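Scroll down for the structure; my scribbles are underneath it.
The values are calculated or read from the model by the stated rules, or taken from the named source; none is laboratory data. Keep in mind that this is a model prediction, so the values were computed, not measured. When we count neighbours, we look across all protein chains shown, and the Cβ atoms used for this are built from the backbone with ideal geometry, even at glycine. Just the protein is used for accessible areas: all its heavy atoms, side chains included, with ligands, DNA and RNA removed. Shrake-Rupley method; radii C 1.70, N 1.55, O 1.52, S 1.80 Å.
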Amino acid sequence: HCTKVPRNSNLEKLRSGYLFPEVGSWPWISRHESEHLRKNPDASLIRLGIGDTTQPIPDTITLAMAEQVRGLSTIQGYRGYGAEQGNMPLRKAIAGKFYQDMGIKANEIFVSDGAQCDISRLQMLLGSNVTVAVQDPSFPAYIDSSVVVGQAGELEEETGKYGNIIYMNCGPENDFFPDLLTIPRTDIIFLCSPNNPTGHAASWQQLKQLVEFAKANGSIIVHDSAYAAYIRDGSPRSIFAIPGAKEVAIEISSFSKFAGFTGVRLGWTVVPEELLYSNGFPVIKDFNRIVCTCFNGASNIAQAGGLACLSTDGYQDLCKVIDYYMENAKILVDGFTSLGWKVYGGKNAPYIWVHFPGMSSWNVFAEILKKTNIVTIPGRGFGPAGEEYI
C-alpha cells in the first residue's frame, strides 16, 4: 500500500547517504567498515572515520552534571522547561570566556543541542530563496542542509556539484582560503575555521578580507568555530574578533570537540543585534522565533556541564585533553611526512589532511583499511576538491 503523499522533492536530490552512517547503496564509511569486519572478524580497528572524541570528560565537569541530576530528585533542585535560548548563567559565561572585548552580549547567544543542529535551524531561518557559497572541501552538513531546504538545485553527476551552490575552492594553492576576487556574490557564505577537514585556521588578514567582502556584497557569513579551542598560532578564534563582523556574521560553535560533549550534546549560536535583513529587520528576532518554535532548550544537565567547562578548573582540565589530541595529530603528521607524503593541518586543529597525488581517495581509504585496520575518511566525501586526499 502506498499513500497519496508525495516524497519531499528536495530529499530526492540528496546523495544516496550521508558520509558517515550506513545509509543506502553509496559506499560510505560504515559500509566499508562492516564489510572489512565480515572478512576479518578478528581485526582490531582504529576508527578515525568520524571526528569523535575518545578521552573521558574531566571529573570537574561530570560532577557538576551529576549534581544537577541528583537535584532533580528534590523539591528544591527540580527544574522543568528552561528558557529556549539557554540558561542565562551559561550564556553569560560563554560571552565572558569566548567573546571578551568583542562586544558580544549574553542575549545574543543562543544555547543549543549542538552546532550541527544549529546549521539546520539557520537554514530554516534563511529559507529556500537565498544563494549559498561553501568551502570546497567542507563539512557535508552545509551542503546537505542546503539541499533539504531547496537552495541547492540539481546535482550534476559529472562534477559532483549542485547547480545553485557556489563551491569556493580551498587548497594548498590558495592557502586553503577562497580567492574572493573570483567568487561571485551570494547571500550566504559558509566558512569553517579551523576547517573540517583541512585543519586550516583562517588568519586575521583572511577573515578581515572576508568581512569586507561580505559588507561590499551585502552577504551574511555563517562562521563555524567548533574547533577554535585547538588554535595554537594566534589566529582569531571568532569571526567577531574582526571589526565590523557583527554587521555581517553569525557564529555557530560547540562543546562537542573541545569538551568531549559529542554524546552530551551542547552548542551555541551567536546572532548579533547589529545584523539586519535588507529591509532593516533584525535577524536575531527571527532566529529567536525559530528557536522558540522548533526547540525547547538544551538539557539542563548538559548546560550544568557546560557551565563547569568554563570554570577556571574545568577549562584547565579540558586544555590538557586538547593537548593530548594535538599530540596524536603531531604523531600522524610526523609519520606521514617521514613517508614522503605532503601533509596539511594538525597545527590548529586535530585533523590532518594528507595528499595522495593522482589517486582516488576511496581507493586510498580502502587500501589503508585493508592493510592496517585503520578507518580514515576519503577526502572526496567532503566535496570534489577533496579528491586525492585522506
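Some points to look at:
- In the context of the full set of protein chains, residues of the chain present 47 Å² of accessible surface per residue (probe radius 1.4 Å, heavy atoms only).
- Once the convex hull of all Cα atoms in region 38-171 is built, its volume per residue stands at 251 Å³.
- Proximity of backbone amide H atoms, modeled 1.01 Å from N, is registered between PHE261 and SER256 at under 5 Å, excluding neighbours fewer than 5 places apart on the same chain.
- Residues in region 144-169 reached by a label modelled at MET124 [backbone nitrogen below 20 Å; 7 Å Cα→Cβ]: 144-152
- Net lengthening on full extension, ASN8/LYS105 (0.36 nm per residue, minus Cα-Cα): 31.0 nm
- Global size of region 119-243 as Cα Rg and Dmax, reported in angstrom: 14.0, 41
- DSSP finds beta bridges in region 154-268, and of those with both partners inside it, around 30 percent are antiparallel.
- Surface accessible to a 1.4 Å probe, ILE57 within the full protein complex, Å²: 40
- When the alpha carbon coordinates of region 52-105 are projected onto the principal axes, the ranges are 40, 31, 19 Å, largest first.
- The equivalent ellipsoid that matches the C-alpha gyration tensor of region 125-164 spans semi-axes of 16, 12, 8 angstrom, in descending order.
- Accessible area (Å², 1.4 Å probe, nearest 10) - LYS92: 130
- GNM result for the chain, Cα springs below 10 Å: residue of LEU310, LEU155, LEU181 fluctuating most strongly: LEU181
- Solvent-accessible surface ranking, highest first, for GLU251, GLU154 at 1.4 angstrom: GLU154, GLU251
- Geometric extent, Cα atoms of region 172-251 - Rg, Dmax (angstrom): 11.7, 32
- Whole-percent carbon and sulfur share, accessible surface of the chain, 1.4 Å: 53
- Pairwise centroid distance, computed over Cα atoms, of region 60-120 with region 312-331, Å: 22
- For the chain, a/c is less than 1.5, where a ≥ b ≥ c are the root eigenvalues of the C-alpha gyration tensor. That puts it in the rounded class.
- With all protein chains modelled, accessible area of PHE281 [1.4 Å, Å²]: 80
- Here LYS320 is the anchor, and the lysines within straight C-alpha reach of less than 28 Å, apart from those fewer than 8 places off in the same chain, are LYS92, LYS97, LYS257, LYS330, LYS347.
- Overall form of region 283-390 per C-alpha gyration tensor (a/c, 1.5; a/b vs b/c): oblate
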